[in-house]
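To start, the structure under review is shown below, and the notes come after it.
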Amino acid sequence: MIWVDREAKKIKERNLPLEWVDDMKTPSGRIHVGALRGVVIHDLIYKVLLENKIEVEYTYVFDDHDPMDDIPSYLNYNQWEKYAGRQLYQIPSPVAGYKNYAQYYAQEFIEIFNQIGCRPKIIWASELYKSGKMNEIIKIILDSVKEIRKIYYQITKTTKPDYWYPFNVRCEKCQKIGTTQVYRWDGHYVYYRCLPNQVKWAKGCNYEGKISPFNGNGKLPWKVDWAAKWKIIGVTIEGAGKDHMSKGGSHDVASAIVQKILKYPTPYPIPYEWFTVGGRKMSSSKGIGSSAKEIAEILPPSLLRFLMVRQPINQHIDFNPYGETIPNLFDKFDQCFNAYFNKLEDKVPPGKQGEIILDFARIFELSYINPLPKKRIYLPRFRTIINLILEKKANLISFFENLKKDKLNQEEKNILEERIKYGKIFLEKYYQNQKKDLTNYQLTNQEKEFLSRLAKELKRISSDKLEKEVSSIIINNANLYSIDKKKAFSLIYLSLINKPYGPKIIDLIKSIGVKKTINLLLKIGH
């Protein structure tokens, strides 16, 4: 049983009349791929609860009411600096045709997560405030300022001064929200100052005034706002990255506020690990790391979703598109695809091996964007495709029909065409010249003996047993000479095609010919 089924089982036991799954993000710039992990995790919970006949909703909140607190590196600083401190929904779009800055970057992200099968109902935080839906909670929060100061101290050990109120006003003069400080609440109005040095990233205008806190004239600060949205939306399930979920973090503060002040239960928490690209934690506003759009352009939708689904939520994902990461991801996807076929054909063995196959099949079912196949289909290997492209093979359909020993059906042709498309993208963007000429590679005596012995064993195998036994012969001989399995296959590929990896080994041997394969291995191993 994979993680999402375990979580759904626990949630089902609560027996609530309605479960409400929610996630949120501030569209302060190109939204990084790390945020996509949260979308998929919540989407999986939502869909598995639906499978379990549970009444459930799924929403996604864009916090477009937050201030611009940094100018992304890909925007002209001099052009955009004047908007620092203003709310994102009140800043013009960088591209014509969008309502505002927040909508432009949010829409880009929506299109990406729609492509990978996630379709939550969208909520704009600015509309929650402007509509008046937040008014009652804002009054409760302001009336409870002393208790909220205590909560901050008890959980974070930070002391809020007596003049601190949990509310950010939009300045009536300069329209900035990030520079104001509320210092009084009389039950009807908040009194505030717009301070020049309140924050490092924006300058206030020194205006001082009073205003009603209702109907979108300001917003609650992040941790308080999180708790308020749980209640106003009716959220019962919401996860977050481990930074928010750590002891004394944002979630602990929001949880205390929602329970003690708003008298609403904390939603079922789902903490999850980060998603990094090349080991770097990402930031939308700073333009650090890869955006969701960039990653979506180099992986097919089902592969991108699979990347998120297959990894347990308590494990960190680090995606580096260089090297063998993408070919390996396709291989793992195909492994789960084939496990699904084994389940479909009732070919799952009993015991631990069968459990693993069923888990792989389940991962595939929750990853695949298209309708699930009703019968087994042929999968052209991605590694083979990129090698054929490098070798400038003209007719890839014909090549794979020869391997299949039958015509490819339309679904198989579609998969092949998709993999050719992404194979070309991989080669153009991320393929590093990994060819290793064996004349410049000094084989150890062990490695030479391994290749020579392998050639002799291949000589003794009859052609009808070759396909069944070749992999086990390679692994057995690698163990005999204490050579790592991955290194052993790499040595064979280098010997046969002068590359560290290639098509499925039996397919390569067949395409070269058994006799020529033996001669090449003997020549290198001599």
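The values are calculated or read from the model by the stated rules, or taken from the named source; none is laboratory data. Keep in mind that what you see is a predicted model, and the values were worked out from it rather than measured. Here Cβ is always computed from backbone atoms with ideal geometry, including for glycine, and neighbour counts include all displayed protein chains. Calculation scope for accessible area: heavy atoms of the full protein, side chains included, ligands and nucleic acids excluded. Shrake-Rupley method; radii C 1.70, N 1.55, O 1.52, S 1.80 Å.
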* Asked: Okay, which of segment 199-224 sit inside 16 Å, backbone N to the point 7 Å along the Cα-Cβ direction of H188?
  -> 210-214
* Taking only protein heavy atoms and a 1.4 Å probe, what accessible area per residue, in Å², does the chain have with all protein chains in place? -> 48
* Asked: For labels at D359 and K413 in the simple 7 Å Cα→Cβ model, what's the distance in nm?
  -> 3.9
* Cα centroid separation - segment 66-106 against segment 457-497, whole Å -> 58
* Asked: What does the charge add up to near R193, with Lys and Arg as +1, Asp and Glu as -1, over the other residues with Cβ less than 14 Å from its Cβ?
  -> +4
* Asked: In nanometres, what is the gap between the two model label sites at N498 and S398, each 7 Å from Cα along Cα-to-Cβ?
  -> 2.5
* Asked: GluC sites (Glu not before Pro) within segment 291-335: which are DSSP loop residues with at most 14 other Cβ atoms inside 10 Å?
  -> E297, E324
* Asked: So what's the projected area for the chain, the Cα convex hull averaged over all directions, in nm²?
  -> 30.0
* Structure fact -> For the table K392/K487; K424/K487; K47/K499; K9/K487; K352/K424, the rows whose alpha-carbon distance is greater than 31 Å are K47/K499; K9/K487; K352/K424
* Structure fact -> Mean Cβ-within-10 Å packing, highest first, puts peptides 188-201, 170-183 in the order 170-183, 188-201
* Asked: In the chain, which cysteines lack any other cysteine Cβ under 4.7 Å from their own?
  -> C118, C336
* Asked: Ignoring any ligand, DNA or RNA, what whole percent of the accessible area of the chain comes from carbon and sulfur when the probe is 1.4 angstrom?
  -> 48
* **Furthest towards positive pole of dipole, P72, H42, C118, structure part segment 1-154, Cβ charges** => H42
* Dipole in debye (nearest 20) - segment 348-437, about Cα centre, beta carbon charges: Lys, Arg +1; Asp, Glu -1 -> 220
* Given +1 on the Cβ of Lys and Arg, -1 on the Cβ of Asp and Glu, and no further charges, what dipole in debye does the chain carry about its Cα centre, rounded to the nearest 20? -> 900
* **Which listed pairs, of K82/K293; K157/K260; K146/K263; K347/K504, have C-alpha distances above 25 Å, in listed order** => K82/K293
* Packing-based order for 338-348, 300-310, using average beta carbon neighbours within 10 Å, highest first -> 300-310, 338-348
* Divide by every residue of the chain the summed helix terms, -39500 (n - 2.57) for each DSSP H run of at least 4, and state the resulting mean residue ellipticity at 222 nm, rounded to the nearest 500 deg cm²/dmol. => -15000 deg cm²/dmol
* Asked: Ranked highest first by average number of other Cβ atoms within 10 Å, how do 356-369, 26-39 line up?
  -> 26-39, 356-369
* **Dipole magnitude (debye, nearest 20) for segment 379-526, charges at Cβ of Lys, Arg, Asp, Glu** => 240
* Top to bottom by accessible area (1.4 Å), largest first, where do T156, T444 land? -> T444, T156
